[in-house]
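The values are calculated or read from the model by the stated rules, or taken from the named source; none is laboratory data. For clarity, every value in this text was computed on a predicted model and none was experimentally measured. Cβ placement follows ideal geometry from the backbone for every residue including glycine, while neighbour counts extend to all protein chains displayed.
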Amino acid sequence: MLNRIVLPTLLVLCSQFAVAETELDNEQSSAVASQSNEQSENTGYIIDNLFIYMHAGPGKNYRILGSVDAGTPISIISEIQEDFIQIIDDKGREAWVEAKFVTTQPGLNQQLQQVSEALQSSQTEIDSMRSELPTLQQANNDLRAENQSLQQTITELQTSLNEQQQASAAKKQKEQHLMLTYGGGVALSGLLFGVILTLLLSRRKRYDGW
């Protein structure tokens, strides 16, 4: 009696399981084709710290097609219906999951991966800058040496300019002194000549008077 009940039941379950696998394979193929043709899909993620079951329709009473892990990136392909939303997971499976477990923000795994990539990029940039540091230091030393040389040249030019200004002032003063001396000599000579001429004329008049 027991065998008559158990064996038919097992056969029915096996047949249903085979049919379910066939339908699942067909749905997976359909999901892959739909994913490749859909251009306006929204990206989402399963929230962290859990895994959820995927159903064949928008409700828990629909057949379970499998599960999807926390943080898995998914594509959202429908609006929310009965608190469920239709998705395509990272394996190309199209199914319905509870909308409250879907978010548009990357999960911790994705965030960690993004931060790791950013860190790697920063480290690469730092290494590149470190490799360029000796060249930059040498260029800085060369600029400092050139600046020091220019400062020394400016000092020498300033000293030379001051010497020229002093020499020019001394020459001008000497010329003025010579001009004053020459003018004084000319004036003195004119005065002596006038005195002598006056004496000669006065003496001549005296002789003429005699």
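So here's what we get for this one:
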| read-out | value |
| --- | --- |
| Number of the exception - residue 151 against (1) modelled with pLDDT under 85; (2) more than 30 Å from residue 43 (Cα to Cα) | (1) |
| Options 90, 127; residue that is touching a residue at least 12 places away in the same chain (Cβ under 8 Å) and acidic (Asp, Glu) | 90 |
| Any pair with Cβ under 7 angstrom, 6 or more apart, that starts in the stretch 47-68 at a residue that is within 24 Å of residue 106 (Cβ to Cβ) and ends at one that is of a type in the set (D, E, K, R) | 51/69; 52/98; 54/93; 66/93; 68/89 |
| Residue that is at pLDDT below 80 and under 16 Å from residue 45 (Cβ atoms), where the choices are 113, 86 | 113 |
| Residue check for residue 99: without any contact (Cβ under 8 Å) to a residue 24 or more places away in the chain, among the small types (Gly, Ala, Ser) and closer than 30 Å to residue 68 by Cβ | yes |
| Enumeration of residues in the stretch 70-109 that are in contact with a helix residue (DSSP H, G or I) (Cβ under 7 Å, 6 or more places away or on another chain), of a type in the set (Asp, Glu) and crowded, with 18+ Cβ neighbours inside 10 Å | 94 |
| Residues that are outside any strand (DSSP E or B) and among the small types (Gly, Ala, Ser), drawn from the stretch 47-73 | 56, 57, 59, 70, 71 |
| Within the stretch 129-148, considering residues that are polar (S, T, N, Q) and exposed (fewer than 10 other Cβ atoms within 10 Å of the Cβ), the one farthest from residue 71 (Cα to Cα) | 135 |
| Scan of the stretch 86-140 for residues that are assigned to a helix (DSSP H, G or I) and of a type in the set (Gly, Ala, Ser), ordered by number | 99, 116, 118, 121, 122, 128, 131, 139 |
